[in-house]
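What follows is one structure encoded as structure tokens, with my remarks underneath.
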Amino acid sequence: MEFLNNINTLLVNSMGPLGPLIALGGLGVLLILAALPTMLKKKIDPFAKVKAQRAPPAMAKKPGDALRKGDKNDKLEKFANFLEPQNAEDMSTARMKMLRAGYRGKNSVRTFHFAQFALGILFLLLGVIYAMILSSKGDVSTQKMIMFTIVPGAAGYYLPQYWVKRRAQARQDEIISGFPDALDMMLVCVEAGQSLDQSIIRVARESAAGYPALGEEFEMVAHEVKAGKERVMVLKDMSERIGISDVSSFVTTLVQSATFGTSVAEALRVYSAEMRDKRVMRAEEKANKLPTKLTLGTMLFTLPPLLIILIGPSIHGIVKNLGGG
């Protein structure tokens, strides 16, 4: 604290009341300028160079090609080394996080990190402006100036991360709520004579209205199977993409049924009954937690008025008698 106060006094004496803020802003600008060359420098992939050499000559472009192939996120391509993890494992983890939140675009990770960077800089600038306004109205300590500048920047940086986590959690809750109904519908379709692939397509179409996230997942499974991908791999990918234990158990049940040649309808009947029991148990658990959650509200909003009604007149009478005596 002594060191910061000395620096603050030195900056105020040399550059006036706005000296600490000017120094902080100059330091931020220098750091951004120092990071720009690294951001703009993009390494050339050797495989991309070989591919470009072996590629056939480019054909003449048609007038509508730019409109058909253009992507608004291609502007961030030059910043890929800065906005995307370079490690394959980290990139896979980031992609899975975005998939669980419902963002399936190939540039979703890049857009997410760009949003973090842009919002962090924007909120940082807003904090600097607010600190300048406060310093112009009166003397502001260095600690408050740093707090008014750094805290908004950190909030802007973590805001996209909070949004993605909240969206992923809401998506998982929606899938958990609609999964038992989807299993019952799938069981009805299979027992009616449809194949598993046809029942998945029907469930995806019917679930889209009430549970869009679940319908989207089943629709993706149907498209991947129709494209020729092995059904076991498609189901395992869906389980990993959703990240819910109930879906993982469902996928394991279907895989084992296909491996050992047992009846899919029987496996679906047993598992759908188990899912219905789990849904009832979750509802009972929430109902049992409700009295505990209401205890605090009852104590805060019921007990004080009751005490005032019961004890208030007696206290008023005692105070009146003491004053009269």
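The values are calculated or read from the model by the stated rules, or taken from the named source; none is laboratory data. The shown structure was predicted, so the numbers you read here are calculated from the model rather than taken from an experiment. All Cβ positions, even for glycine, are placed from backbone atoms using ideal geometry, and neighbour counts span all protein chains on display.
Against the condition outside any loop (DSSP other than H, G, I, E, B), over 19 Å from the mean Cα position of the chain (by Cα) and either of a type in the set (A, V, I, L, M, F, W, C) or modelled with pLDDT of 70 or more (or both), how does Ala52 come out, does it pass?
In short, yes.
Any idea how many residues of segment 240-257 are closer than 19 Å to Met98 by Cβ and buried (at least 18 other Cβ atoms within 10 Å of the Cβ)?
2
If Val164 satisfies every condition in (1) in contact with a helix residue (DSSP H, G or I) (Cβ under 6 Å, 6 or more places away or on another chain); (2) within 25 Å of Ala101 (Cβ to Cβ); (3) surrounded by 18 or more Cβ atoms within 10 Å (Cβ to Cβ) but one, which is the exception?
(1)
If the requirement is being part of a helix (DSSP H, G or I), at pLDDT below 85 and of a type outside the set (Asp, Glu), which of these qualifies: Ala258, Ala283, Ala287, Ala273? Can you show your working first?
Details: Ala283 fails: at pLDDT below 85; Ala287 fails: at pLDDT below 85; Ala273 fails: at pLDDT below 85.
Being part of a helix (DSSP H, G or I), at pLDDT below 85 and of a type outside the set (Asp, Glu) holds for just one of Ala258, Ala283, Ala287, Ala273, which is Ala258.
Which one of Arg166, Arg171 is within 30 Å of Met238 (Cα to Cα) and touching a residue at least 24 places away in the same chain (Cβ under 8 Å)?
Arg171
What pairs come up if the first residue lies in segment 192-215 and is over 18 Å from Leu254 (Cα atoms) and free of Cβ contacts under 8 Å to residues at least 60 places away in the same chain, the second is among the hydroxyl-bearing types (Ser, Thr, Tyr) and part of a helix (DSSP H, G or I), and their beta carbons are under 6 Å apart, counting only those six or more places apart or on different chains?
Gly215/Ser207
Would you pick out the residues in segment 93-144 that are basic (Lys, Arg) and either surrounded by fewer than 18 Cβ atoms within 10 Å (Cβ to Cβ) or without any contact (Cβ under 8 Å) to a residue 24 or more places away in the chain (or both)?
Arg95, Arg104, Lys106, Lys137, Lys144
Looking at the structure I just gave you, is Glu206 within 21 Å of Arg171 (Cα to Cα), acidic (Asp, Glu) and surrounded by 19 or more Cβ atoms within 10 Å (Cβ to Cβ)?
No; evaluated as a whole, the condition is false for this residue.
Could you list, in sequence order, all residues of segment 223-248 that are farther than 17 Å from Asp173 by Cα and part of a helix (DSSP H, G or I)?
Residues satisfying the conditions are His223, Glu224, Val225, Lys226, Arg231, Val232, Met233, Val234, Leu235, Lys236, Asp237.
Which pairs do you get when a residue that is closer than 18 Å to Glu216 by Cα, found in segment 242-268, comes within reach of a residue that is small (Gly, Ala, Ser), reach meaning Cβ atoms under 6 angstrom, with the pair 6+ apart or on two chains?
So the pair list comes out as Val247/Ser239; Ser248/Ser239; Val251/Ser239.
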